[in-house]
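For reference, the structure is listed below as structure tokens.
Each value in this text was obtained by applying a stated rule to the coordinates, not by laboratory testing. Worth saying up front: this structure is predicted, and the values here are computed from it rather than measured. In this analysis, Cβ positions are derived from the backbone assuming ideal geometry, glycine residues included, and neighbour counts consider all displayed protein chains.
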Amino acid sequence: MRKYALFVFNGDPMCFIHVLLNALDMKAKGEDVKIILEGSSVRLIPELAQPGNPLNGLWKKNLDAGLIEGVCKACSSKLGTLEDAKKQGLSLLDEMSGHPGISGYREKGYEIITF
């Protein structure tokens with residue numbers, strides 16, 4: 001089984017939709033996939049939970065599938081979405097000076113893809 005860690009730095013919803021679609025597609029093909037929200041992508045957290053948001057359905061599918069690994073604690077704190085992440089029950093990732101570290105995923109055999 002191939003393993004992928006999708007690090008999403010881009011906060012553009014048009015980019016993020018492709019992350020969500022690809023993660024579901026990869027999982028359906030038997031691959032181990034984790035989505036890590038970093039940088040400006042954490043700004044999307046409150047919007048994704050809104051039922052009227054076009055990405056809400058895909059977000060829920062990814063949550064239900066267990067594909068959302070977590071959210072950068074430092075970035076969500078700095079950009080004002082830390083409480084939204086907590087409300088959604090998202091894991092806060094902070095092992096590298098408050099940010100999720102890529103090297104830990106590499107050590108576990110994950111191929112890193114950045115968006």
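Quick notes
- Across the stretch 41-55, computed HN-Hα scalar couplings (Karplus, 6.51 cos²θ - 1.76 cosθ + 1.60, θ = phi - 60°) run 5, 5, 5, 6, 3, x, 5, 4, 7, 7, x, x, 6, x, 8 Hz from first to last residue, x flagging Gly and Pro.
- Label-point separation, His18 to Ile112 (7 Å along Cα→Cβ), nm: 2.0 nm
- For a straight C-alpha distance cut-off of 22 angstrom, the lysines reachable from Lys29 (same-chain residues fewer than eight places away being disregarded) are Lys3, Lys60, Lys61, Lys108.
- Rounded to the nearest 20 debye, the dipole size of the chain about its Cα centre is 140 debye, using +1 on the Cβ of Lys and Arg and -1 on the Cβ of Asp and Glu.
- Positive-end residue, the chain charge dipole about Cα centroid, Cβ charges, pick of Leu24, Cys72, Gln50: Leu24
- Beta bridges by DSSP in the stretch 3-114, antiparallel share as percent, to the nearest 5: 5 percent
- Spin-label pair Asp25/Met1, simplified geometry with 7 Å Cα→Cβ offset, distance in nm: 2.1 nm
- Order by protection proxy (mean Cβ within 10 Å, highest first), peptides 43-51, 100-108: 43-51, 100-108
- For the chain, the Kirkwood estimate of the hydrodynamic radius, built from every pair of different alpha carbons, is 13.9 Å.
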